[in-house]
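Asks: First the structure, which I've put down as structure tokens, then a few questions once you've had a look.
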Amino acid sequence: MRLDSSAFSLAPWDSTLPPPESKRRRRRGRSGPKYSVSRHAVTRRREAGPLRPWRSRVKIAVVRPHIARRAAAAALLAWGLVTPGCRHAGQRPNLLLIVIDTLRADHLGCYGYRLDTSPAIDRFAEGAVLFEQAVAQAPWTRPSMATLMTGLYPATHGVTCKDFDVPKAECDVLPPSVTTLAEALKQAGYETAGIVANIQIDGLFGFGQGFDEYRSVFDELIAADPDWRAKWHEFKWVNETTREVTEEALAWLERRRGENPFFLYLHYLDPHAPYRPPAPYDAMFKAHAYPCRYPAICAELPLYDGEIRYVDEHVGRLLDFMRRRGLAEKTVVVVTSDHGEAFGEHGARDRRHGLSLYENQLRVPLLIRAPGTGRPGTRVAAPVRLVDLAPTLLDVLGVAVPSGVQGLSLVPLLRGEAVEVPGTLVGWGYVPLIGFRNPPWKFIRNQRSGLEELYNLETDPGETYNLASALPQVAMALAATLDRSLSSAVAAARRYPHERGAVELSPAQREGLRALGYAN
């Protein structure tokens with residue numbers, strides 16, 4: 001793993017360099033909580049009592065490069081993923097990245113959900129490392145996926161526009177100057193392919209960078225069906241995209257004959273609204289009672305769960321195929337999401353996504369299975385971020401991490417080491433909210449009105465009690481950290497100029513955005 005100075009941009013002393021020696025000595029003397037990993041749970045060292053995942057006053061930590069390099073090398077050797085002196089791509093494992101749009105972590109069985117929405121993913125979790133506290137940096141698809149694919153904050157990669165009717169190259173399109181996960185792997189000899197169902201990450205917006213093939217199921221369905229407009233208004237294509245992603249992925253895996261490893265990225269649209277699962281999934285959960293205050297929203301919950309069960313079946317098909325073809329032990333597999341979904345937890349307007357920075361829209365599942373880890377079923381309670389995923393996967397695969405990446409490798413956590421964990425910027429939704437999440441605290445500021453919110457996620461996981469007035473010193477400290485971190489991320493954007501021309505949406509693409517609720 002390689003970390004350069006920009007990896008330290010979120011240090012509380014607001015420096016792009018490692019902390020001075022005096023601060024390092026002081027930090028070593030503190031007795032802050034650390035996390036260690038066991039087969040079934042994460043426990044805190046030197047602390048008694050039952051595990052409480054939010055019992056933490058975690059400080060922003062810096063992983064020093066020489067320690068990170070040694071840890072990464074040891075991890076790769078221990079897992080058998082990369083042999084000593086490995087130089088060519090043929091000796092590296094494959095990578096399958098499955099992103100399930102709009103999937104809340106707490107609606108999966110492996111995350112404690114009471115309904116049987118995810119039997120295939122739950123089985124996968126038994127052999128994977130499950131991160132209990134993974135968060136997206138933005139509450140909607142385009143900025144969140146740009147962060148996942150680059151290891152950069154939205155303020156740095158710049159994909160933050162919200163005016164969907166008038167796309168702008170400077171804030172709608174991923175700049176070609178950034179290095180994506182696919183580009184880094186392609187340069188390392190990987191065969192790369194992406195099959196996506198959400199128009200928000202169409203190749204038109206720069207997300208095809210680094211892929212040998214980048215296929216938009218949406219565009220292909222339009223080209224094949226002259227009656228696309230009527231089908232969009234009836235939402236008939238929502239479920240067709242799930243089936244198409246799976247079928248195209250299986251066909252791609254069947255026909256590839258190359259000796260080089262592959263990176264296959266799949267992005268399912270379900271369970272994104274509108275919630276229209278096909279039979280029998282449309283009635284699978286209707287008999288269950290849901291704790292919900294608003295009848296219209298309550299009626300959507302069994303349909304949302306039905307869509308999760310539907311896409312779970314397709315994930316199971318893929319994983320079964322990988323196992324039958326002998327690919328499972330040669331492939332690193334990741335299951336995650338780009339953001340969550342709100343169902344009225346904070347009032348009738350707290351619906352869908354993009355409109356707040358509450359946990360229901362930021363908490364996502366993150367499961368990573370790397371062959372040879374020897375730790376099936378491990379659960380990690382330490383909070384992690386989607387901005388960490390690209391550097392983690394490159395680290396696992398033995399590929400150099402691009403300079404300037406702001407995320408950190410999670411390899412130490414995958415190995416079961418006790419580490420301190422960093423806080424994260426969150427924001428860039430449809431409303432002018434920006435925040436800093438550093439458990440147990442989350443601080444949110446409305447950039448337009450100046451309204452501030454402060455929540456203790458340990459004692460108030462539902463974020464119902466705003467403590468900004470009761471704890472002004474905590475709010476002020478987090479506000480200062482937020483401002484410094486945001487300034488650092490904005491300053492880093494100068495490294496990535498936007499050079500693309502204007503984006504022109506076709507009538508069908510514009511209609512698709514409207515059908516999904518993204519345009520007027």
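The values are calculated or read from the model by the stated rules, or taken from the named source; none is laboratory data. Source: prediction; values computed, not measured. Glycine also receives a Cβ, built like all others from the backbone with ideal geometry; neighbour counts cover every protein chain displayed.
Asks: Go through segment 382-391 and report how many residues are surrounded by 24 or more Cβ atoms within 10 Å (Cβ to Cβ) and farther than 10 Å from L181 by Cβ.
Replies: So the answer is 6.
Asks: Counting just the residues of segment 182-207 that are out of contact with any strand residue (DSSP E or B) (no Cβ under 8 Å at 6 or more places or on another chain) and part of a loop (DSSP other than H, G, I, E, B), which one comes out farthest from V401 (Cα to Cα)?
Replies: Among those residues, the one meeting the criterion is G206.
Asks: Every residue in segment 176-223 that is more than 16 Å from D101 (Cα to Cα) and among the β-branched types (V, I, T), please.
Replies: Across segment 176-223, the qualifying residues are V178, T179, T180, T192, I222.
Asks: Is there a residue in segment 311-324 that is modelled with pLDDT under 95 and among the acidic types (D, E)?
Replies: No, segment 311-324 has no match at all.
Asks: Let me ask something else about it. For segment 145-155, indicate whether the set of residues that are among the aromatic types (F, W, Y), assigned to a loop (DSSP other than H, G, I, E, B) and modelled with pLDDT of 90 or more is non-empty.
Replies: The answer is yes, given that some residue of segment 145-155 is among the aromatic types (F, W, Y), assigned to a loop (DSSP other than H, G, I, E, B) and modelled with pLDDT of 90 or more.
Asks: Can you go through L425, L482 and tell me which one is under 22 Å from R363 (Cα atoms), surrounded by 14 or more Cβ atoms within 10 Å (Cβ to Cβ) and in contact with a helix residue (DSSP H, G or I) (Cβ under 8 Å, 6 or more places away or on another chain)?
Replies: After ruling out the rest, the residue left standing is L425.
Asks: I've got another one for you. Here is a check on your reading of the model: is L115 more than 24 Å from T336 (Cα to Cα) and either at pLDDT below 95 or of a type in the set (A, V, I, L, M, F, W, C) (or both)?
Replies: For L115, the condition - more than 24 Å from T336 (Cα to Cα) and either at pLDDT below 95 or of a type in the set (A, V, I, L, M, F, W, C) (or both) - is not met.
Asks: Considering segment 335-351 alone, what residues qualify as being crowded, with 21+ Cβ neighbours inside 10 Å and of a type outside the set (D, E, K, R)?
Replies: Listed by number, the residues that qualify are V335, T336, S337, H339, G340, A342, F343.
Asks: Here is a check on your reading of the model: is R495 of a type in the set (D, E, K, R) and more than 20 Å from the chain's Cα centre (by Cα)?
Replies: yes
One line per residue, one yes/no per condition, for (1) assigned to a helix (DSSP H, G or I); (2) modelled with pLDDT of 95 or more; (3) within 19 Å of the chain's Cα centre (by Cα):
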position: C86; (1), (2), (3): no, no, no
position: L96; (1), (2), (3): no, yes, yes
position: V99; (1), (2), (3): no, yes, yes
position: R123; (1), (2), (3): yes, yes, no
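Asks: Let me ask another. Take A468 and tell me if it is over 20 Å from G354 (Cα atoms), modelled with pLDDT of 95 or more and part of a loop (DSSP other than H, G, I, E, B).
Replies: It is true that A468 is over 20 Å from G354 (Cα atoms), modelled with pLDDT of 95 or more and part of a loop (DSSP other than H, G, I, E, B).
Asks: Check G354, G316, G306 and return the single one that is in a loop (DSSP other than H, G, I, E, B), in contact (Cβ under 8 Å) with a residue 24 or more places away in the chain, buried (at least 16 other Cβ atoms within 10 Å of the Cβ) and of a type outside the set (F, W, Y).
Replies: G354
Quick grid of which residues meet (1) of a type outside the set (G, A, S); (2) at pLDDT below 95; (3) under 17 Å from the mean Cα position of the chain (by Cα):
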| position | (1), (2), (3) |
| --- | --- |
| L393 | yes, no, yes |
| L414 | yes, yes, yes |
| R445 | yes, no, no |
| G450 | no, yes, no |
| N456 | yes, no, no |
| L478 | yes, no, no |
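Asks: Quick one: which helices (runs of 4 or more DSSP H) lie wholly within segment 359-460 and hold at least 3 residues that are touching a residue at least 40 places away in the same chain (Cβ under 8 Å) and more than 24 Å from A328 (Cα to Cα)?
Replies: 359-362
Asks: For segment 257-278, indicate whether the set of residues that are under 16 Å from Y214 (Cβ atoms), basic (K, R) and more than 27 Å from the chain's Cα centre (by Cα) is non-empty.
Replies: no
Asks: Could you run through segment 255-301 and say how many residues are basic (K, R), touching a helix residue (DSSP H, G or I) at 6+ places or on another chain (Cβ under 7 Å) and touching a residue at least 40 places away in the same chain (Cβ under 8 Å)?
Replies: 1
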